[in-house]
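S.K.: The structure's right below; bear with me while I get my questions together.
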Amino acid sequence: MATLLRSKLSNVATSVSHKSQAKMSGMFARMGFQAATDEEAVGFAHCDDLDMEHRQGLQMDILKSEGSEEGGEPPLEGDIHYQRDGTGPLPPSASKEACSELSGQGKPKITAWEAGWNVTNAIQGMFVLGLPYAILHGGYLGLFLIIFAAVVCCYTGKILIACLYEENEDGEIVRVRDSYVDIANACCAPRFPTLGGRIVNVAQIIELVMTCILYVVVSGNLMYNSFPNLPVSQKSWSIIATAVLLPCAFLKNLKAVSKFSLLCTLAHFVINILVIAYCLSRARDWAWDKVKFYIDVKKFPISIGIIVFSYTSQIFLPSLEGNMQNPKEFHCMMNWTHIAACILKGLFALVAYLTWADETKEVITDNLPSTIRAVVNIFLVAKALLSYPLPFFAAVEVLERSLFQDGNRAFFPNCYGGDGQLKSWGLTLRCALVVFTLLMAIYVPHFALLMGLTGSLTGAGLCFLLPSLFHLKLLWRKLLWHHVFFDVAIFVIGGICSVSGFIHSLEGLIEAFRTNAED
């Protein structure tokens with residue numbers, strides 16, 4: 001009787017906690033902030049799901065106690081959730097159906113404005129600082145690509161969500177899939193039911209790890225250019241930044257990480273205001289004659305990858321749409337977020353390029369005068385360091401779930417002990433991942449090349465190629481001819497741009513790696 005009473009009280013407390021969190025989230029959104037979002041394309045809704053799973057661990061303990069009293073059946077293997085203290089996967093405690101029910105009841109729904117804020121943060125993060133460099137090598141064609149990429153990414157985001165739904169026997173459109181991985185697996189079934197999901201997971205891991213590497217690269221680059229008189233090289237600054245980031249290997253959940261999100265948003269807001277204000281102060285000297293229709297054949301494909309990478313958000317759109325109060329507003333939300341992103345990115349890239357013309361650098365803040373540059377770069381480095389934990393944690397979670405925790409299908413033994421504590425060798429692997437991002441940043445300290453490579457490889461694949469391919473595969477019988485034409489055109493154009501950008505970026509990286517190895 002006492003156990004049952006404690007269970008009921010815990011249920012009430014958890015319900016009150018969820019309601020208060022939902023109210024706070026809505027309040028921050030109306031103020032212009034989102035309390036638990038990352039600014040880059042690293043899967044905010046995915047990370048929110050992880051944090052929600054941690055909070056659901058409170059209810060899992062209740063199910064365990066009730067199940068033991070009532071003689072419930074043991075749960076299905078592989079249902080992974082986080083414990084009360086967030087130290088690791090919860091031992092078997094509830095059936096898959098019970099977890100599903102809790103997932104639907106526990107997650108507070110978000111409005112279209114809050115969903116739009118998440119998408120805006122994803123596609124208008126700090127990597128927009130590399131867009132003026134794309135204009136340098138592409139001129140007006142670079143501006144056109146910023147618009148074209150916005151249109152295509154908006155369209156592929158919509159068709160990706162369409163792949164989540166199917167018509168049932170009663171003629172009603174119902175949601176039968178929940179994630180990008182589910183869509184990929186459905187396309188490869190029945191011969192290879194898990195192949196598509198593994199491909200998507202690999203692409204996601206590459207993008208997340210490359211994002212972490214870019215944060216280390218940009219931190220070392222900005223600190224070196226902010227204090228050029230100090231006897232500290234760019235590599236040394238990268239090592240210092242990594243030393244600060246090493247505690248990320250000890251992360252147990254997203255509860256502590258999400259607190260940094262608001263600080264990231266504030267830092268990015270200050271950076272954009274300072275850069276734009278300085279550019280407007282030099283409006284009389286803008287070099288309009290430098291913006292031409294020619295392109296640099298060798299470097300422009302890299303610019304394509306940079307532009308595509310700045311729009312990546314497809315990986316988390318399925319879970320974001322599933323958490324909206326009114327999913328019918330998703331299309332409208334995608335329209336205004338991408339229109340706003342297109343306008344702001346185009347204006348920012350053009351204004352910055354007009355200010356410095358042929359002297360535009362890979363990271364536009366390096367062009368600022370030394371007095372302003374130090375302040376702006378310190379804000380930017382703080383934002384990069386605060387943003388690093390989210391993609392790192394998401395990459396670790398995907399790796400652990402796929403390789404160490406996937407029930408009987410795991411490739412390696414579970415990296416968590418029976419008490420939920422991370423084993424020493426699991427912690428070593430996490431530290432190795434942090435060190436790997438450092439080594440890549442040291443040997444290939446080129447922001448534009450890494451960004452172009454990532455955009456051409458995973459960005460184009462996740463945003464252009466796979467959505468159009470999945471749309472044709474799953475819904476081809478119901479598509480109108482113009483939808484088929486758009487999907488085929490996007491697949492062909494995206495494939496050409498992806499291959500071209502990847503080859504040129506890889507050549508640049510190999511050359512840079514050889515140069516650094518010789519030094």
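S.K.: Would you point out which residue out of 396, 351 is modelled with pLDDT of 90 or more and not basic (Lys, Arg)?
M.R.: Result of the check over 396, 351: 351.
S.K.: Where the second residue is basic (Lys, Arg) and modelled with pLDDT under 90 and the first is surrounded by fewer than 24 Cβ atoms within 10 Å (Cβ to Cβ) and lies in the stretch 315-332, which pairs have Cβ atoms under 7 Å and are six or more apart or on separate chains?
M.R.: That search, which allows pairs on different chains as well, returns 323/107; 323/109; 324/109; 325/109.
S.K.: Among the residues of the stretch 440-469, count how many are open to solvent by 20 Å² or more (accessible area, probe 1.4 Å) and in contact with an Asp or Glu (Cβ under 9 Å, 6 or more places away or on another chain).
M.R.: Going through the stretch 440-469 one residue at a time, the tally reaches 4.
S.K.: Got at least one residue in the stretch 399-418 being at pLDDT 80 or above and under 22 Å from the mean Cα position of the chain (by Cα)?
M.R.: Yes; the residues of the stretch 399-418 include at least one that is at pLDDT 80 or above and under 22 Å from the mean Cα position of the chain (by Cα).
S.K.: List the residue pairs whose Cβ atoms are under 8 Å apart, where the first residue sits in the stretch 110-122 and is under 20 Å from residue 311 (Cβ atoms) and at pLDDT 85 or above, the second is open to solvent by less than 20 Å² (accessible area, probe 1.4 Å) and in a strand (DSSP E or B), and the two are 6 or more positions apart or on different chains.
M.R.: Pairs found: 112/324; 115/324.
S.K.: Another question, if that's okay. Sort through 156, 120, 194 and tell me the only one that's farther than 30 Å from residue 362 by Cβ and under 24 Å from the mean Cα position of the chain (by Cα).
M.R.: 194
S.K.: Evaluate the following for residue 371: is it among the hydroxyl-bearing types (Ser, Thr, Tyr) and open to solvent by less than 10 Å² (accessible area, probe 1.4 Å)?
M.R.: no
S.K.: Here is a follow-up. Among helices (runs of 4 or more DSSP H) lying entirely in the stretch 423-517, which contain 3 or more residues that are farther than 19 Å from residue 307 by Cα?
M.R.: 424-443, 466-475
The values are calculated or read from the model by the stated rules, or taken from the named source; none is laboratory data. Not measured: the values here are computed from a predicted model. No Cβ is skipped: glycine too gets one built from the backbone with ideal geometry, and neighbour counts run over all protein chains shown. With ligands, DNA and RNA removed, areas are computed over all heavy atoms of the protein, side chains included. Shrake-Rupley method; radii C 1.70, N 1.55, O 1.52, S 1.80 Å.
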